[in-house]
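K.L.:
Sharing a structure here in structure tokens format.
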Amino acid sequence: MRKEFSQALHDENDAIAKEAVKGFLERIWGYPVEEGGQYDVDLVIYEEEKICGYVEVERRHNWNTEVFPFDTLHIPERKRKFFTLDQPSLLFAVSKDCKWAVFVPGEIVTQCPVEWKDNKFCFQEPFFVLPINYCMLVDLEKNPDVDETPPGNPCN
């Protein structure tokens, strides 16, 4: 079973999480980032007016500290379509306060095992189970520092 779309959850989480990630990407990597279409990937990264990468964003209400509190990251398998597009993709899981994120290339997500899990939204939904050590933790409010630009830029 897959989680049904909830307009209330979308309204609560979508804009704030995407804006935090968009600002981070533009500050740190310097490429323009635009919002994707209504049923498409969340963010699109451009280089010289050509798409060079995609970003899927999820806000995690069970995380509100500087350290990601779990050993694994569970990503709904229904999001696979966003990690198999014509350009590289990233997944950003954002903390509740939108100050922190862990990110990982989509190609790594799709290589992880899928397990069926219960959650508060549905019974037995398939999730990719990703060890957190495959992810990079970033401060979404940080300003660029030449020596600390995080790797993973899909446009390089």
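K.L.:
Might you let me know whether region 3-13 holds any residue that is within 15 Å of ASP97 (Cα to Cα), at pLDDT below 95 and open to solvent by 40 Å² or more (accessible area, probe 1.4 Å)? I'd like the intermediate steps shown before the answer.
P.N.:
Taking region 3-13 first, the residues within 15 Å of ASP97 (Cα to Cα) are 12-13.
With the extra rule that they be at pLDDT below 95, the set shrinks to 12-13.
Pick out the ones that are also open to solvent by 40 Å² or more (accessible area, probe 1.4 Å) and you get 12.
Within region 3-13 (the criterion being within 15 Å of ASP97 (Cα to Cα), at pLDDT below 95 and open to solvent by 40 Å² or more (accessible area, probe 1.4 Å)), the answer is yes, since at least one residue qualifies.
K.L.:
Can I ask one more? Among the candidates ILE16, ILE75, which residue alone is closer than 21 Å to ASP139 by Cα and in contact with a strand residue (DSSP E or B) (Cβ under 6 Å, 6 or more places away or on another chain)? Explain how you work it out, then say what you get.
P.N.:
Details: ILE16 fails: in contact with a strand residue (DSSP E or B) (Cβ under 6 Å, 6 or more places away or on another chain).
It is ILE75.
K.L.:
Would you tally the residues in region 85-138 being in contact (Cβ under 8 Å) with a residue 24 or more places away in the chain, among the aromatic types (Phe, Trp, Tyr) and open to solvent by 60 Å² or more (accessible area, probe 1.4 Å)?
P.N.:
Total meeting the criteria: 3.
K.L.:
Could you list all residues from region 61-75 that are open to solvent by 40 Å² or more (accessible area, probe 1.4 Å) and part of a strand (DSSP E or B)? Before you say what the answer is, go through the steps one by one.
P.N.:
Narrowing region 61-75 to residues open to solvent by 40 Å² or more (accessible area, probe 1.4 Å): 61-62, 64-67, 69-72, 74.
Within region 61-75, THR72, HIS74 meet the criteria.
K.L.:
Taking the residues in region 36-58 that are within 23 Å of THR110 (Cα to Cα) and of a type in the set (D, E, K, R) as candidates, determine which candidate is surrounded by the most Cβ atoms within 10 Å (Cβ to Cβ).
P.N.:
GLU56
The values are calculated or read from the model by the stated rules, or taken from the named source; none is laboratory data. These numbers come from a predicted model, not from an experiment. No Cβ is skipped: glycine too gets one built from the backbone with ideal geometry, and neighbour counts run over all protein chains shown. Heads up: the accessible areas ignore ligands, DNA and RNA and are worked out on the full protein's heavy atoms, side chains in. Shrake-Rupley method; radii C 1.70, N 1.55, O 1.52, S 1.80 Å.
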